[in-house]
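The values are calculated or read from the model by the stated rules, or taken from the named source; none is laboratory data. Nothing here was measured: the structure is a model prediction, and the numbers come from that model. Note that each Cβ is placed from the backbone with ideal geometry, even for glycine, and that neighbours are counted across all protein chains shown.
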Amino acid sequence: MTAFQTLALLLGLAAAGAYLNYRFLRLPSMVGLMMFALLLSFLTMGGRALGLMDYSPIINLVAHIDFSNILLHGMLCFLLFAGALNVNFQDLRRHQGIILVLATFGTTVAAFAAGTLVWFLASALGITLPYIYALIFGALIAPTDAVAVLGILKTVGVSKALRVKISCESLLNDGVGVVLFLLLLGVAQHPNETISANEVMRVLAWQGLGAIVFGFLLGWVGQHLLGHIDDYKVEVLMTLALAVCGYVLAEQLDVSAPITMVIGGLVVGNHSQMFGVAHRYRKHVNMFWELLDEVINAVLFILMGFEMMVVSISPLMALFGLLATGAILLARCASVSLPVALLSPFYKFEKGTIALLTWGGMRGGISIAMALSLPAVAEKDLILSLTYVTVVFSVLFQGTSFHLLASRYGYRHVEMPKDGFTTEPRKPKKAA
């Protein structure tokens with residue numbers, strides 16, 4: 001298949017899944033698409049087992065996709081920029097302490113805790129998984145998926161403060177998770193090289209601080225140019241060029257391109273609040289990036305389904321995946337509980353904060369993108385299987401039961417209306 005034919009197939013299947021979900025299931029978009037991708041995988045694998053279909057075209061299709069270039073040097077740029085674009089700076093500043101601690105320290109703790117627990121589980125089950133690759137899995141599974149989280153939050157009437165904490169943390173921890181993933185992957189690919197702690201700190205400082213400065217500069221320059229334009233088509237095109245060119249330049253400067261996208265998107269999305277410049281373009285730009293984010297996530301779910309068609313999951317691997325999912329939730333709980341406990345003397349936390357942050361930390365497109373981008377090493381199929389089981393459990397079970405957990409703390413469930421958008425419950429009018 002040509003690249004255009006492959007794209008047509010992916011978009012066609014993603015559109016079919018979105019249509020079926022809208023017409024019949026009425027689930028949040030990510031939940032519906034995951035169910036469709038899962039059903040597609042089961043039907044294809046069942047047809048293969050019964051000898052009803054030729055499996056070679058799918059194997060050839062997956063074999064010819066360069067996931068590393070397409071995802072790490074392509075789709076990731078749009079996912080991170082789109083997510084950061086929707087962060088409200090005023091909300092972020094109001095809760096900046098806990099959000100930044102959760103997105104940085106909490107994500108790091110979750111990555112190393114999840115990786116270590118999974119490594120112990122693998123040893124107990126007699127499965128070979130080097131510790132460095134267990135940590136790589138922990139890094140790619142630690143970030144929560146902003147699209148899935150925001151979709152679920154639309155159906156639950158939690159307080160605004162808790163909504164801001166959950167959504168902003170999920171939008172900002174992607175960049176941290178990607179940096180950890182790339183750093184650990186570099187260590188795994190060069191096992192014979194001795195890297196000192198000072199060297200690691202120097203690289204992290206340059207990658208992190210350099211990316212923050214470059215991302216801020218990129219966003220500021222872009223907004224200065226956008227301030228002279230009042231045509232939404234040009235404005236959308238400029239933000240698209242800003243994200244793509246900024247990502248490429250960041251890679252050339254050897255600073256963290258993911259963090260650059262997060263900072264650049266934050267500045268672009270909140271320029272009027274930070275610099276007092278009106279953003280007449282915001283509605284159109286946000287609608288474009290929200291749509292692009294949804295499309296890319298839909299394609300990623302279909303890609304993951306294709307990949308799992310050629311990766312055999314044995315009963316032992318399925319058991320390992322379920323146990324790993326429990327370990328990941330435990331690591332997530334620890335990464336949330338520790339910052340909340342440390343900051344509780346300074347912040348007033350809403351009831352159910354730890355439970356809702358833990359259960360609401362769903363995995364999705366970012367984790368899938370990093371798992372698919374792994375080089376062809378012996379551990380790739382194992383990590384893909386673990387990622388698949390974890391994301392399926394996260395989206396299907398956490399996504400559909402989050403409102404039940406929220407109701408235990410007094411938060412109300414909000415029904416999804418027919419147009420796909422949600423509205424907050426109306427407050428009763430005061431008596432005259």
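Return the residues of segment 326-374 that are at pLDDT 85 or above and within 21 Å of L184 (Cα to Cα); say none if nothing qualifies.
Residues satisfying the conditions are A327, I328, A331, R332, S335, R363, S367, M370, A371, L374.
Do we have A111 as surrounded by 15 or more Cβ atoms within 10 Å (Cβ to Cβ) and modelled with pLDDT of 85 or more here?
Yes: the conditions hold for A111.
Out of curiosity, is A371 among the hydrophobic types (A, V, I, L, M, F, W, C), surrounded by fewer than 24 Cβ atoms within 10 Å (Cβ to Cβ) and closer than 22 Å to L182 by Cβ?
No, not satisfied.
For segment 31-39, state whether one or more residues are at pLDDT below 80, over 29 Å from S167 (Cβ atoms) and either among the hydroxyl-bearing types (S, T, Y) or part of a helix (DSSP H, G or I) (or both).
No, there is no match, as no residue in segment 31-39 is at pLDDT below 80, over 29 Å from S167 (Cβ atoms) and either among the hydroxyl-bearing types (S, T, Y) or part of a helix (DSSP H, G or I) (or both).
Of all residues being of a type in the set (D, E, K, R) and not in a helix (DSSP H, G or I) in segment 325-369, which is nearest to D174 (Cα to Cα)? Just the residue, please.
R363
More than 30 Å from H403 (Cβ to Cβ), assigned to a helix (DSSP H, G or I), under 18 Å from the mean Cα position of the chain (by Cα) and not β-branched (V, I, T) - does that describe any residue in segment 52-67? Steps first, please.
Our first condition is that a residue be more than 30 Å from H403 (Cβ to Cβ); within segment 52-67, this holds for 52-67.
Cutting the leftovers down to assigned to a helix (DSSP H, G or I) gives us 56-63, 67.
Filter once more, keeping what is under 18 Å from the mean Cα position of the chain (by Cα): 67.
Going one step further and asking which of them are not β-branched (V, I, T), we end up with 67.
Yes, the conditions are met somewhere in segment 52-67.
Six or more apart or on different chains, Cβ atoms under 9 Å: show the pairs whose first residue is in segment 1-22 and touching a residue at least 60 places away in the same chain (Cβ under 8 Å) and whose second is polar (S, T, N, Q) and surrounded by fewer than 17 Cβ atoms within 10 Å (Cβ to Cβ).
Between residues of segment 1-22 that are touching a residue at least 60 places away in the same chain (Cβ under 8 Å) and residues that are polar (S, T, N, Q) and surrounded by fewer than 17 Cβ atoms within 10 Å (Cβ to Cβ), the close pairs are M1/N60.
Which ones in segment 328-351 are surrounded by fewer than 23 Cβ atoms within 10 Å (Cβ to Cβ), of a type in the set (G, A, S) and under 23 Å from the mean Cα position of the chain (by Cα)?
A334, S337
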